[in-house]
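First up is the structure itself, then whatever we jot down about it.
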Amino acid sequence: MKPKRNRKTRATDNRRAPTSQEESLRAGEKPWQRQTRTIHQFPRCFAYLKAMRIKFEDPAMHDYWAAVILSDAFPDAKLASIGTVNFDTMTGRQLLTAFEAILAERPKRTKARKLKPVSEVEKIKGAASEAEIIAAMTLKGGWKAVTLAGWGIAWPPPQGWRRKLVENFEARAG
């Protein structure tokens with residue numbers, strides 16, 4: 001077959017240049033022997049390993065070993081059920097790509113903040129006038145837990161506690 005010529009009349013070959021992965025695998029190199037460091041291109045994997053306090057500056061730490069460390073966080077059954085991770089045939093970069101996808105699918109864990117129900121304000125039975133409430137205020141503009149307990153309010157006070165104390169005071173007075 002005759003090579004094609006492009007506009008600049010240079011001869012080009014139809015074959016593509018082999019990638020570095022193909023070249024290394026042809027030479028008999030195993031996937032885990034390729035020592036590349038591209039962990040910074042995988043933000044979820046990088047953050048996960050950073051949280052584990054992995055030393056990235058260690059010369060032995062390359063992509064394949066980063067993937068091995070990441071795999072330790074997942075049960076073998078889960079990795080087998082997903083089926084996208086194969087340490088025998090995949091390079092470190094391919095493994096990190098697979099783990100990046102796995103970490104992207106995981107739901108993000110957030111700390112649930114306990115909110116007090118609105119009905120807690122309705123439980124307040126104490127009563128105080130606005131003047132009494134202001135008089136009990138500290139120099140910093142707050143109230144001591146002991147003072148609030150005297151009015152029947154738990155610490156920290158729920159939203160609307162002052163209004164409820166004044167309502168109770170007016171209901172008893174009127």
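Considering only residues that are at pLDDT 85 or above and not in a helix (DSSP H, G or I), which ones fall in the range 26-51?
Passing the criteria: only Phe42.
What's the total number of residues in the range 79-93 that are under 12 Å from Tyr64 (Cα atoms), part of a helix (DSSP H, G or I) and more than 22 Å from the chain's Cα centre (by Cα)?
Looking only at that region, the number is 1.
Taking the condition over 30 Å from Gln159 (Cβ atoms), in contact with a Phe, Trp or Tyr (Cβ under 8 Å, 6 or more places away or on another chain), modelled with pLDDT of 80 or more and assigned to a helix (DSSP H, G or I), does Ala73 pass?
no
Would you check if Arg162 is of a type in the set (D, E, K, R), exposed (fewer than 11 other Cβ atoms within 10 Å of the Cβ), modelled with pLDDT of 80 or more and over 35 Å from the mean Cα position of the chain (by Cα)?
Numbers: of a type in the set (D, E, K, R): yes; exposed (fewer than 11 other Cβ atoms within 10 Å of the Cβ): no; modelled with pLDDT of 80 or more: yes; over 35 Å from the mean Cα position of the chain (by Cα): yes.
Here the answer is no, as Arg162 does not meet what is asked.
The values are calculated or read from the model by the stated rules, or taken from the named source; none is laboratory data. Computed from a prediction, not measured in an experiment: that's the story for all the values here. Note: ideal-geometry Cβ built from the backbone for every residue, glycine included; neighbour counts use all protein chains shown.
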